[in-house]
Amino acid sequence: MNPAKLNTNIQGLRGEIAVPGDKSISHRSIMFGAIAKGKTNITNFLLGEDCLSTIACFRKLGVRIEQEEHQVTVSGRGLEGLQEPADILDVGNSGTTIRLLMGILAGRPFHSVLVGDQSIGKRPMTRVTKPLSIFGAEISGRNNGEYTPLSVQGGQLEGITYELPVASAQVKSSLLFAGMQASGETVIIEPVKTRDHTERMIRQFGGEIQTDGRTIRIHGGQSLTGTDIHVPGDISSAAFFLVAGAIVPGSEIRLKNVGLNPTRTGIIDVMHRMGAEIIVEPYENGSSEPAGDITIKTSALKGAVIEGDLIPRLIDEIPVIALLATQAEGDTVIKDAEELKVKETNRIDTVVNELSKLGANIVATEDGMIVKGKSSLSGGHVSSHGDHRIGMMLAIASAISSGEVHLDQKEAISVSYPSFFEHLESLIK
Ligand code: S3P
């Protein structure tokens, strides 16, 4: 489907879709399955390119992984079952793969080399290489360990106490993987609570971990056991249709089986605050990752201030929240979000530049952006800049634009949502 044609004659977006499996949970299910003993059966696995990179890396580490459609079986042989890779480990576009994998490799007595695509080559790695070195791993890389290619020589680790300088679930998770292999206890203190899929999964695989507010404790020498995992739909993918449903006139969309982990539901809180008609119906299934259905209708919206502890709970949704804000009355101010600068692209710049091209009234600030609404969007020539979430946000923007929108590099969308255009098309009335 060509998104340039999207904006002609849309009478609304109506119907029901099940967004694909959660990216963060899919990555972790492979990683934990690989280091646990026994079989892990995963259903509703996300077949996005990022998660396929994780599978490819663990296969190179000697782990048997069978994948048929969205069903994956990992035959783990424990941490000791991982083997020195004969080839480089290529993480593609995936920050989660490289950062979490380094935490696992830090404790393995062998050498590995990690590379990724152009975007990965610009993303900061000292945030993990530095604390992993304090654990005792030998890691080097371009620019003093800041950028790929990175080389990891793992070995015996000693537990550390570490206060994270940035709110990052990737860094926290990497250090938890190292802590599980280190002698003694590891204590991690987060500046702000971030997504807790790793902590939940450690428990699901029979491991032990204590959390007390922003402090997390884990002890080394743990052995995990394979288990069954059903991956809920990704709320970060659902976000595009939540916003689409709210801003495209004449819409009502029901999103089935969306993950509702409270460390990820900031978008729902913000949309409620902005006046969106959004109904959440949680399932009562006692699963370690809560899920439910969400219904959204075209809504009259007002601006909001989005800042502080809320930011990590919606960090990946900020590009599409910026689009939402263009259709809200008044100002929307996004603060404390400087982490956006080190995502797949500098998302302060890419969001502001691309939405400006469509006529949005939006300016960048040091730690976020200010959007003045409500403005009508025109057509134009825009690009994802190779960033999946920018591509999807612009495709949704085209559904409310008065002229044609030409979107370059839309193939980036398959990183997290290969069926995005199919789903969008199925809703168009
Ligand atoms: C992720 C954590 C977040 C998020 C990314 C996935 C994870 O990154 O932006 O898409 O799975 O742990 P940071 O940890 O860099 O904030």
Inset, instruction - Rounded to the nearest 500, what is the 222 nm mean residue ellipticity of the chain from helices alone, with -39500 (n - 2.57) per DSSP H run of 4+ residues and division by all residues? - result: -9000 deg cm²/dmol
Inset, instruction - Give me the number: length gained by fully extending residue 68 to residue 252, i.e. 0.36 nm times residue separation minus the C-alpha to C-alpha distance, one decimal in nm. - result: 62.9 nm
Inset, instruction - Anything in the chain that counts as a DSSP H helix reaching 27 Å or more along its axis (C-alpha) with Kyte-Doolittle mean of at least 1.6? List them, would you? - result: none
Inset, instruction - Give me the accessible area per residue for the chain, probe 1.4 Å, as a whole number in Å². - result: 36
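Rounded, prolate or oblate for region 171-245? Axes are the square roots of the Cα gyration tensor eigenvalues, ordered a ≥ b ≥ c, and the cut-off for rounded is a/c under 1.5.
Oblate, because a/c is 1.5 or more while a/b does not exceed b/c.
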Inset, instruction - Arrange the peptides 284-296, 84-96 so that the one whose residues have, on average, the most other Cβ atoms within 10 Å appears first. - result: 84-96, 284-296
Legend entry - C-alpha center-to-center spacing [region 237-282, region 109-149] in angstrom: 37
Inset, instruction - With a point put 7 Å past each Cα toward its Cβ, work out how far residue 305 is from residue 18 in nm, to one decimal. - result: 4.2
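Show me the GluC sites (Glu not before Pro) within region 358-419 that DSSP assigns to loop and that have at most 12 other Cβ atoms within 10 Å of their Cβ. Show your work: numbers first, answer last.
Details: sites: 366, 404, 411; in loops: 366, 404.
Sites meeting the loop and neighbour criteria: 366.
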Inset, instruction - Return the subset of 335/410; 297/343; 122/410 for which the Cα-Cα distance in this structure is over 25 Å, preserving the input order. - result: 335/410; 297/343
Inset, instruction - Would you mind putting 128-137, 143-152 in packing order, based on average other-beta-carbon counts within 10 Å, highest first? - result: 128-137, 143-152
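The values are calculated or read from the model by the stated rules, or taken from the named source; none is laboratory data. Note that the structure is predicted; figures quoted are calculated from it, not measured. Using ideal geometry, Cβ is built from the backbone for each residue, glycine included, and neighbour counts are taken over all protein chains shown. Surface areas here come from the heavy atoms of the whole protein model, side chains and all, with no ligands, DNA or RNA. Shrake-Rupley method; radii C 1.70, N 1.55, O 1.52, S 1.80 Å.
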